[in-house]
1. Can you pull out the residues in the stretch B:106-116 that are touching a strand residue (DSSP E or B) at 6+ places or on another chain (Cβ under 7 Å) and within 7 Å of chain A (Cβ to nearest Cβ)?
2. Return the residues of the stretch B:46-56 that are among the charged types (D, E, K, R) and either at pLDDT below 95 or surrounded by 21 or more Cβ atoms within 10 Å (Cβ to Cβ) (or both); say none if nothing qualifies.
3. If I go through the stretch A:56-73 residue by residue, how many of them are more than 14 Å from every other protein chain (Cβ to nearest Cβ) and in contact with a Leu (Cβ under 9 Å, 6 or more places away or on another chain)?
4. Can you tell me which residue among B:Gly25, B:Gly86 is at positive phi and away from chain A (no Cβ under 14 Å)?
5. Taking only pairs six or more apart or across chains, which ones have beta-carbon atoms under 6 Å, a first residue in the stretch B:50-61 that is within 9 Å of another protein chain (Cβ to nearest Cβ), and a second residue that is of a type in the set (D, E, K, R)?
6. Show me the strands (runs of 3 or more DSSP E) entirely contained within the stretch A:1-58 in which 1 or more residues are touching a Phe, Trp or Tyr at 6+ places or on another chain (Cβ under 7 Å), of a type in the set (Val, Ile, Thr) and free of Cβ contacts under 8 Å to residues at least 60 places away in the same chain.
7. Run A:Leu33 past the list (1) within 30 Å of B:Ile109 (Cα to Cα); (2) touching a Ser or Thr at 6+ places or on another chain (Cβ under 8 Å) and report the number of the one that doesn't hold.
8. Return the residues of the stretch A:15-40 that are more than 11 Å from the chain's Cα centre (by Cα) and exposed (fewer than 15 other Cβ atoms within 10 Å of the Cβ); say none if nothing qualifies.
Amino acid sequence: MKNITILFFGKLKETWKTSELKQTTQAHTIEELYVELLKLCDEEPHKASIKVAINDEFVAWDSAISDHDTIAFLPPASGG
Amino acid sequence: MFDISEETINESELRKNTRDPACGGFVCFEGWVRDHNQGKDVQKLAYEAYPKLAIKEGNRIIAEAMEKFTINKAICTHRVGMLEIGDMAVWVGVSAAHRDAAFQACRYILDEVKSRVPIWKNETWTDGESGWVEQE
């Protein structure tokens, strides 16, 4: 089991009704973690548009999760 | 250099920092909050960022521009927090020996920042409703 912190930004904060979660997970990858997290939200977001980050760096969905990682889920940017 | 700012953007300071005696041209873009978007009347908006990743990605974009174009200095600052109509949301400035490179680099930096830097816009409309803005 790994203890991780999960961050949600933009409209994904509304999807999961929080900006931060402390979670204990058995997930090995972000992909697996995402499937776990879908149980916590009423409506499934548009996954293909979401970018993911581990410890403040963009990573791929199949990236491995380690104990104490901070995982972020980012909707498409809309700055400017 | 890329930065995000919770305070009003000081464009004269940024412009000064972009100056270079080897440069004959300076191109600047200022993005302002406008009073309408996607058919709705906008009252104000809030920008939210993932600060650490935004600064890393913004600086990667500046480095790419320095590599791609023959420019001397490039600076971009993006506001976060609550902004009113007319407030400056983003400032990009590029100085170069010649104008073509400065124009191209300024456009490149702005376009890449808008699509890649983790910053999100939440608009409040004049009808009192609010919502996250989707990428256009």
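1. Going residue by residue through the stretch B:106-116, those that are touching a strand residue (DSSP E or B) at 6+ places or on another chain (Cβ under 7 Å) are B:106, B:109-110, B:113.
Residues satisfying the conditions are B:Leu110, B:Val113.
2. To start, the set of residues in the stretch B:46-56 that are among the charged types (D, E, K, R) comprises B:48, B:52, B:56.
Within the stretch B:46-56, none qualify.
3. 1
4. Values: B:Gly25 fails: at positive phi.
Of B:Gly25, B:Gly86, the one residue that is at positive phi and away from chain A (no Cβ under 14 Å) is B:Gly86.
5. Final answer for the pair search is B:Lys52/A:Asp56; B:Leu53/A:Asp56; B:Glu57/B:Arg116.
6. By residue number, A:51-54.
7. (1)
8. Passing the criteria: A:Lys17, A:Thr18, A:Lys22, A:Thr24, A:Gln26, A:His28, A:Lys39, A:Leu40.
The values are calculated or read from the model by the stated rules, or taken from the named source; none is laboratory data. None of the values given here were measured: they were computed from a predicted structure. When we count neighbours, we look across all protein chains shown, and the Cβ atoms used for this are built from the backbone with ideal geometry, even at glycine.
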